[in-house]
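Bear in mind these aren't lab numbers, they're just calculated from the coordinates by the rules spelled out. Quick caveat, the model's predicted, so the values are computed rather than measured. All Cβ positions, even for glycine, are placed from backbone atoms using ideal geometry, and neighbour counts span all protein chains on display.
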Amino acid sequence: MIFSKLFKAKWQHKDANVRIQAIQEFDLDEQNNIDIIRQIIANDSSELVCRAALLKLNEFEQFRSTAFEHNKLNIRQFAHERLQLQILNSATITVEQKLSYLEQCEKTSFFESWLMVEHEHQILQALIAKVNKPHMLTQFIVKTDNIDLQHEILTGIEDINLLEKLSRKLKDGKFKTELVNKLNNLLALAAKPEKIRKQLQLLLSKLLALKDLQDFADMQARKRSLEEEWQAVVTDFVHLSAEEKQQYLDKHEHIQQQLKKHFGQREEAYLHQQFINEQTAKEQAEKAEIKAEIALISQQISEAVFENTELDEFKVSQHLDNINKQIESSTVADTEKDSLYKQVKSLHKKLNQLPEVAECVSSATSLISKLSTLAIPETIEELNLRKPVFEQWQQQWHQINDLANDVLPQSIICARDELQASWTKALKPLVKQQHVAFEHFRKKVSELKRLMANGKYKSAFGLHKKLTYLIKDLSASQQQKIVADFESVTSKITELHELEAFIVTPRKQEVLAEIKALIEQPLDNPMAQAEQVKTFRKHWNALGHADEALDKELNTEFNNACELAFAPCRAFYAEQANIRANHLKQKVDVIEKLDALLIQSNAEQVNWREIDNQLHKLLKEWRNSGEVDRTEYVKIQPKFNELVEPLKKAIHTFHHDNAALKQLLINKAKLQLDNEDVFSAINELKSLQQKWQDIGHAGPNKENSLWMTFRKINDQMFAKRNDIKQQEQVQLNARTEEFAAQLTTLNNALNSAVEIKVQQNLLVEIETLISSLKDTKPLLKTLLNQAISAENNVKAKIKASQITAKQQVFVNLFNVMAEETNEANLTENSYYQALPTSWQKAIQFALNKEANKTLREQLTLELEILANVESPTEFAEQRLAVQVQLLSDKMMQGEEVNVTTKLKQWLNCGPLSEEEQPLLDRVRPIFIS
């Protein structure tokens, strides 16, 4: 190495390296030197000199003032980086210094890193106030154990979605309980305005609907109730905007004015009606008072008559006169006054006829005793005898009561009422029965007339004979009503008896001719033919007797004709008999199958579902097998019932057990409605659904209702799950957007990041983002892959930067060795200043040693061999010898020697001369690409 002359540099030197050397030589114990360094920081044109001055002074306050006040952006950035390193790594920085920097700094990304390492409560509070990224604050809440700070962060979080995320991440405890309570309060508060709007709208609608009422009083009562509800809701107006509040108040006032206008006339009518009601009530009260006075005097007269008490007739008469005056002065209506006057007049009359009234009481007692001894009728015959007696007794009672002027004692009246009620109760069904008999008799008389008109004399004769007995059960009055009509019919029946033969003979001959016509031209339908023959037979029997000489012959001829007319039907009925026989065989087959099925149902292992299905099919087959002869059906029906009943009973038990099991499943399903873990409840319901399918049919009466109940519970739970999934999807979309925005920001920052420290900070943030993405359920694969790709990119950048930095170290090292320098001016060399301390010491050590050219030449060959770099051809033999020596050393020592160690040995060979410059040129390519 070629060394130049020794010289001294000053801090005002035009060469930046000289100024840097001067800064390094300053003694910081002298205040003058500190002032000079501050001046250099503020005024020097070289960024390297400013940085060297900042590093020499290494004061927090100087870094802070430079970071915010220096006129060069790069110097401000450098000062910020040094401040941040001190804050993150130094324990000597005071709280006040940190707070002063925090107040001025706006670099949110650094606050996030700072927040994760800071432990001072006061600073943490300030950082929380500065960091306005919810995801960072939530991460801090989850990671920290400081309950006070958790509460403080929670106080500033009003985002419902963020609180819901936190509630899922936090472990159960006191703070989670408080967080959930706040979340519930916020949810309730968020729903409060809408709830208030609905209440207000409903109340306004109800108020407006009062216009449809016709009753003013009803309207007033409802309006008062609605106004009370309105005032209760008005207290919650604080949850609405001022504009909304005013709108509702205006609507309310408008409706009030509408109601007032609408009910104006009705209000007047209502007040008028109230006045009328008051007057009516007053009138009724006066009337009731007068009636009470009248009743009192009536009672006194009754007691005087029936209990022989003394009565001051003069005093009672005066009392009655006073009542008349009271009636006259009252507000009672004139018609009511007339009625009251009549009552008073009647009492005057009773007062003047007390002896006659006493005699009426004796007669009434006798009359009651007389009826009591008479037995109540129980038959129609007894009714006809005793009903007239009871009716006469009632007439006598009315006469006595009229003579007594309605002052009979209450005991006698009660006895009369009781006796009369018992008779009335006993007579009522008999009278009704007699009335039914009367109506029946009248209908039969009409029927008798119809039979005679239609020539059915035989039936007419029989009915007339029956009516002669029925008429005896009618009462005298009923007989009187029907006697004329019955006597007329009776006379005609008598005439018919005399003319029967003359009328019936031609009628029977006509019927005989008609049936012969049917024989000649039978009907197409055998069933209709048979029915027609039956009709002729019925008509023939109703005609009665023909002429005695012809009657037997006509009957025989008619019977033969019926046989001939019925002949075509016999073949049809024979065919029907064969069909019924086949039906019988089918039913017998069903019985045999039922017998086998019953045996199958008694086995140890029974598939009741299959038994139920087979029984259903067999019953259907029985119903569809058709009709059989009645005699045969009577024989097989008991056997059929004997087989079916136990099967039905067993299947009913099977259905009942299944219904109980399904009801149990329904009860279990209902419990899941209260399960807060909806997805766990869904899994349980799916399990219950499978069990439901495994259980058999519960019977036609219960199966459908049980299934509808079970399905309704399932539908409710699945609806809850869908709501939760929808909410989670909304939250996931928001979180996805948040993650995507973070990733975009980090990628943009990565593209512009040059310094390794910035790249390393970005790597930490990306790793935090990846961790958050991995914790998110469901996994956001696309974003996660993009984040992992960004992580790989930043790692590659960091690696490239580290390689570049390492390369730069060797570039600076070989530049120092290539320049003419010595130990005195070494510190002025900017390349030297940029080297790590270990290489600086190696260079200083080399400058103080004697040069050893031979060793350097050998080490140069060793470096080329280790780096697998070709040596000049003229050194081929020497290279081979060195290579052999290296292999021998490796075998002896068993250690690998790297090129960096050899380079330090190469430097230790002393200062580099001009003759050794080619050796430097050979070594340089080994370390610099």
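Tell me the Rg and the Dmax, in Å, that the Cα atoms of segment 188-262 produce.
For segment 188-262, the Cα-based Rg and Dmax read 13.2, 41 Å.
Magnitude of the Cβ-charge dipole of the chain, K/R +1 and D/E -1, about the Cα centre, nearest 20 debye?
Rounded to the nearest 20 debye, it is 2240 debye.
Just grab the label-to-label distance for Asn184 and Ser225, each label 7 Å out from Cα along the Cβ direction, in nm (one decimal).
3.3
Which residue, chosen from Pro836, Thr556, Gln77, occupies the Cα position most advanced towards the positive end of the dipole of the chain, where the dipole is computed from +1 (Lys, Arg) and -1 (Asp, Glu) charges on Cβ about the Cα centre?
Thr556
Go ahead and estimate [θ] at 222 nm for the chain from helices alone: -39,500 (n - 2.57) per DSSP H run with n ≥ 4, summed, over the residue count, rounded to 500.
About -27500 deg cm²/dmol.
Once the other residues with Cβ under 12 Å from the Cβ of Ala437 are scored (Lys, Arg +1; Asp, Glu -1), what is the net sum?
+3
State to the nearest 20 debye the size of the charge dipole of segment 547-649 about its Cα centre, where the only charges are +1 on K and R beta carbons and -1 on D and E beta carbons.
That gives a dipole near 820 debye.
I need the calculated FRET efficiency for the pair Arg442 and Ile724, taking r as the beta carbon distance and R₀ as 60 Å, to the nearest 0.05.
0.15
For the residues Ile323, Ile376, Ile276, what sequence is obtained by ranking on other C-beta atoms within 10 Å, fewest first?
Ile276, Ile376, Ile323
If you rank Tyr341, Tyr101 by fewest surrounding Cβ atoms within 10 Å, what's the result?
Tyr341, Tyr101
At what distance in nm do the modelled label points of Lys516 and Cys414 sit from each other, each positioned 7 Å from its Cα along Cα→Cβ?
In this crude label model, Lys516 to Cys414 measures out at 8.6 nm.
If I take R0 = 41 Å and measure r between the Cβ atoms of Lys668 and Lys211 in this structure, what FRET efficiency does the formula 1/(1 + (r/R0)^6) give, to the nearest 0.05?
With R0 = 41 Å, the Cβ-Cβ based efficiency is 0.20.
Using a Förster radius of 60 Å, what is the FRET efficiency between Glu914 and Glu96 based on their Cβ-Cβ separation? Nearest 0.05, please.
It comes out at approximately 0.55.
What's the ranking of 598-611, 781-794 by average number of surrounding C-beta atoms within 10 Å, highest first?
781-794, 598-611
Around Asp44, which amide H atoms from residues at least 5 apart in sequence, or from another chain, sit under 5 Å from its own amide H, with H modelled in the peptide plane?
none
List the extent of the Cα atoms of the chain along each of their three principal axes, largest first, rounded to whole Å.
181, 105, 51
Gln201 versus Asn324, label points 7 Å from Cα toward the beta carbon: distance in nm?
Here the answer is 7.5 nm between the modelled labels.
Of Lys757/Lys806; Lys593/Lys635; Lys587/Lys649, which sit over 19 Å apart, Cα to Cα?
Lys587/Lys649
Give me the extension gain from Phe275 to His398: residue separation times 0.36 nm, minus the current Cα-Cα distance, reported in nm with one decimal.
That works out to 39.8 nm of additional length.
So between Ser929 and Ser366, what do we pick up on full extension, going 0.36 nm a residue minus the alpha carbon distance?
Value of the extension gain: 187.5 nm.
Residue by residue through segment 780-796, what is 3J(HN,Hα) from phi via Karplus (6.51 cos²θ - 1.76 cosθ + 1.60, θ = phi - 60°)? Round to whole Hz and write x for glycine and proline.
Values, residue by residue: 8, 4, 4, 5, 5, 5, 5, 5, 5, 4, 4, 4, 5, 5, 5, 5, 5 Hz.
Under a cut-off of 22 Å between alpha-carbon atoms, report the lysines in cross-link reach of Lys552, not counting same-chain residues fewer than 8 places apart.
Lys456, Lys458, Lys508, Lys516, Lys534, Lys538
Can you put Ser446, Ser801 in order, fewest other beta carbons within 10 Å first?
Ser446, Ser801
Using each residue's phi in segment 368-375, evaluate 6.51 cos²θ - 1.76 cosθ + 1.60 at θ = phi - 60° and report the 3J(HN,Hα) Karplus result to the nearest Hz, with x for Gly and Pro.
Once rounded to whole Hz, the list reads 5, 5, 5, 6, 5, 7, 8, 5.
Would you mind computing Rg(Cα) / (2.2 N^0.38 Å) for segment 717-760, counting N as its residues?
Against the compact-globule rule of thumb, the ratio is 1.93.
Rounded to whole Hz and in sequence order, give me ³J(HN,Hα) for segment 619-631 from the Karplus expression 6.51 cos²θ - 1.76 cosθ + 1.60, θ = phi - 60°, writing x for Gly and Pro.
So the J values, rounded to whole Hz, are 5, 5, 4, 4, 5, 7, 6, x, 7, 10, 4, 4, 5.
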